Amino acid sequence: MDNVHLAALAVSLGGVESLIQHPTSMTHAGMSQDAREKAGISDGLVRFSVGIENVEDIIEDLEQAMAKIS
């Protein structure tokens, strides 16, 4: 998540931009780990909401971010 430059680290701003978030530490932090696991929300889950940016820019940004963790 730290390597993505195009998407904002946020839950939902009600806008049209791409967003990235970590549900375990953000939107579902109030749930117990057991409840999150039962809901299919693992600690490694990252949510990416695609905005209206140019699709090639989004793909390129995701590819460069993923390359840094491989």
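A short reminder: the numbers here are calculations on the coordinates, not readings from a lab. Just so it is clear, the structure is predicted and the values come from calculations on it, not from any experiment. Counting neighbours? That spans all protein chains shown, and the Cβs are built from the backbone with ideal geometry, glycine included.
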For Ile52: the one exception among (1) within 13 Å of the chain's Cα centre (by Cα); (2) surrounded by 10 or more Cβ atoms within 10 Å (Cβ to Cβ); (3) not in a helix (DSSP H, G or I): (1)
Verdict on Leu45 being assigned to a helix (DSSP H, G or I) and under 11 Å from the mean Cα position of the chain (by Cα): no
Residue in region 54-70 that is touching a helix residue (DSSP H, G or I) at 6+ places or on another chain (Cβ under 7 Å) and not charged (D, E, K, R) present: no
Some residue of region 2-13 being touching a residue at least 60 places away in the same chain (Cβ under 8 Å), in contact with a Lys or Arg (Cβ under 9 Å, 6 or more places away or on another chain) and not acidic (Asp, Glu): yes
For Ile59: the one exception among (1) part of a loop (DSSP other than H, G, I, E, B); (2) under 21 Å from His5 (Cβ atoms): (1)
Residues being exposed (fewer than 14 other Cβ atoms within 10 Å of the Cβ) and closer than 21 Å to Ile58 by Cβ - total across region 18-34: 1
